[in-house]
Amino acid sequence: MSIKRRDFLKLAGLQVGMLAACRSAPPAFIPPGPLPPMPEPRPTRRGSTADVIVVGAGAFGGWTAYHLQALGLKVMLVDAYGPGNSRSTSGDETRGVRSSYGDRTGAQAEQWMRWARLAMQRWLEWDAEWQKQLKTQLFYPTGDVIMRKEEENFTKRTRELWQKLGVAHEALNVDELRKRWQIFNTDDVNVVLYEPDAGVVRARRACEAVAEVFRSRGGDIRIAHAWPGAQTGGKLDHLVLSSNETVSAGTYVFACGPWLPKIFPDLLGRVIRTPLGHVFYFATPPADARFTFPNCPSWNYPGVTGWASLLPDNRGFRVRTSGDRLYDPDYSTRWVPEKALKETRTFVRDHFPILADAPINETRACHYEFSSTRNFIIDVHPGLSNVWITGGGSAEAFKFGPVLGDYIAKRVKGDAGDPKLDQTFKLPKEQPKT
């Protein structure tokens with residue numbers, strides 16, 4: 001979809017737009033609110049062609065490019081800042097992989113649970129195939145502990161679905177929880193569920209690893225901003241890159257995370273919101289291995305999750321708190337606000353008293369992309385028959401990467417898929433829930 005001048009000027013009157021091809025200095029700050037559109041640079045030369053161009057090298061895009069290539073297609077992967085970059089949703093150090101989705105409604109809960117279990121298997125398979133060659137382990141089977149003060153619909157429904165699908169799990173009493181892991185304060189814990197196969201993935205390294213395997217097999221990777229160019233007969237003709245060249249393909253897949261509402265503001269500006277979530281890595285106590293893999297599981301309290309520090313680099317004990325206001329992903333400041341720090345400190349003192357005064361090694365601030373359906377978006381652009389839109393990860397997509405990429409690649413190549421499942425991934429039309 002090409003942005004017309006009159007549309008850009010209309011939106012620019014509301015807030016500052018993104019710079020075209022970096023030709024002038026960026027503004028110091030872009031206030032929260034609806035994301036501005038992405039204006040087009042002026043191409044000066046025509047570049048390469050491919051069967052498919054994937055825009056975005058995160059969990060959606062990187063794995064989709066990898067699987068499209070495995071299907072025998074010539075694929076180009078374009079990313080504005082590079083695979084695993086710090087502005088991307090997939091650019092944090094780690095991401096959890098668990099299948100406890102009893103809080104999801106209807107068929108989505110069971111579908112996500114099945115996909116999460118399959119993803120765990122595929123993360124293990126990736127390490128079995130590539131860990132030695134790439135010299136990095138991606139998946140760490142930590143297990144995952146859910147702790148609640150009392151039984152909730154989430155815990156009840158999760159346990160029912162685990163039983164239905166034959167998922168290995170345990171319902172622990174508090175004494176057993178204390179026996180296995182002494183780090184938790186269990187004063188307000190009465191319900192405990194444990195999924196032993198769950199784990200943690202090195203997120204940034206995973207994006208880099210998938211991109212490197214894709215490149216080593218002949219894939220074309222470009223680090224550049226990309227804009228939809230001209231369209232003819234209901235199809236997109238080409239992309240314009242910030243290198244001032246055009247690139248073209250038979251099919252285009254936009255997997256741009258929080259940038260999707262900027263690229264397609266009319267289509268996605270009201271159905272995807274992009275808050276920032278805050279992550280803290282607390283230094284583990286000297287000579288105390290209880291907070292380090294494999295001695296500590298990932299864990300889940302209401303609204304807060306985290307997990308063990310991973311070896312050999314031991315970046316710290318990870319605590320993730322809830323999201324903040326909406327920001328522009330190109331200009332959002334990743335400095336963690338004092339309020340978030342205080343709230344996280346209070347939480348740690350209450351639930352992990354040994355770490356009450358522990359120093360903080362690192363912090364991260366990562367965008368989420370919540371769709372109004374709280375499900376993924378995998379659909380053809382309604383006005384461009386050769387353009388696929390994939391995103392709306394809703395804070396969960398990274399763990400599904402190996403499965404999502406496989407599914408999207410097959411759909412793009414022409415597999416009709418399961419009509420009932422495909423319907424759940426249609427572009428939403430309603431305003432996102434807050």
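The values are calculated or read from the model by the stated rules, or taken from the named source; none is laboratory data. As the structure is a prediction and not an experimental result, all values here were calculated from the model. Here the Cβ is made from the backbone with ideal geometry for all residues, glycine too, and neighbour counts use every protein chain on show.
Couple of notes before you dig in:
- Among all positions in the stretch 108-119, there is at least one residue which is in contact with a strand residue (DSSP E or B) (Cβ under 8 Å, 6 or more places away or on another chain), modelled with pLDDT of 95 or more, of a type in the set (Gly, Ala, Ser) and not assigned by TED's automatic domain parsing to the domain that holds residue 306.
- Filtered residues of the stretch 382-422 (kept if of a type outside the set (Phe, Trp, Tyr), in a strand (DSSP E or B) and under 16 Å from residue 251 (Cα atoms)): 387, 389, 390
- Test: residue in the stretch 266-275 that is in contact (Cβ under 8 Å) with a residue 12 or more places away in the chain, over 26 Å from residue 367 (Cα atoms), out of contact with any Gly (no Cβ under 6 Å at 6 or more places or on another chain) and surrounded by 22 or more Cβ atoms within 10 Å (Cβ to Cβ): no
- Complete set of residues in the stretch 136-153 that are closer than 19 Å to residue 294 by Cβ and part of a loop (DSSP other than H, G, I, E, B): 136, 137, 138, 141, 142, 143
- Residue 77 surrounded by fewer than 24 Cβ atoms within 10 Å (Cβ to Cβ), in contact (Cβ under 8 Å) with a residue 24 or more places away in the chain, closer than 21 Å to residue 408 by Cβ and not basic (Lys, Arg): no
- Answer residue from the stretch 61-74, given it is assigned to a loop (DSSP other than H, G, I, E, B) and out of contact with any helix residue (DSSP H, G or I) (no Cβ under 8 Å at 6 or more places or on another chain) and is surrounded by the most Cβ atoms within 10 Å (Cβ to Cβ) among those: 74
- Residue 46, sole failed condition from (1) at pLDDT below 95; (2) charged (D, E, K, R); (3) under 30 Å from residue 170 (Cβ atoms); (4) more than 20 Å from the chain's Cα centre (by Cα): (3)
- Filter pass, residue 133 being closer than 23 Å to residue 396 by Cα, in a helix (DSSP H, G or I), more than 24 Å from the chain's Cα centre (by Cα) and not hydroxyl-bearing (Ser, Thr, Tyr): no
- Scanning the stretch 263-296 for residues that are assigned to a loop (DSSP other than H, G, I, E, B), on the phi < 0 side of the Ramachandran plot and of a type outside the set (D, E, K, R) returns 264, 269, 271, 274, 283, 284, 285, 286, 293, 294, 295, 296.
- Residue check, residue 197 of a type in the set (Asp, Glu) and more than 16 Å from residue 66 (Cα to Cα): yes
- Exactly one residue out of 130, 162 is in contact with a Ser or Thr (Cβ under 9 Å, 6 or more places away or on another chain), among the aromatic types (Phe, Trp, Tyr) and not assigned by TED's automatic domain parsing to the domain that holds residue 316, and it is 130.
- In the stretch 301-327, residue nearest to residue 279 (Cα to Cα) [restricted to those that are among the charged types (D, E, K, R) and touching a Pro at 6+ places or on another chain (Cβ under 7 Å)]: 324
- Checklist (1) part of a loop (DSSP other than H, G, I, E, B); (2) outside the structural domain of residue 226 (by TED's automatic domain parsing); (3) surrounded by fewer than 17 Cβ atoms within 10 Å (Cβ to Cβ); (4) in contact with a strand residue (DSSP E or B) (Cβ under 7 Å, 6 or more places away or on another chain) applied to residue 333, failing item: (4)
- Residue within the stretch 255-262 that is on the phi > 0 side of the Ramachandran plot and not in a loop (DSSP other than H, G, I, E, B) present: yes
- Considering residues of the stretch 156-169 that are of a type outside the set (S, T, N, Q) and exposed (fewer than 15 other Cβ atoms within 10 Å of the Cβ) only, the residue nearest to residue 196 (Cα to Cα): 168
- Selection from the stretch 110-147 of residues that are crowded, with 20+ Cβ neighbours inside 10 Å and aliphatic (A, V, I, L, M): 113, 116, 119, 120, 138, 145, 146, 147
- Scanning the stretch 86-114 for residues that are over 29 Å from residue 208 (Cβ atoms) and part of a loop (DSSP other than H, G, I, E, B) returns 102, 103, 104, 105.
- Residue list for the stretch 173-217, filter: free of Cβ contacts under 8 Å to residues at least 40 places away in the same chain and acidic (Asp, Glu): 175, 176, 187, 188
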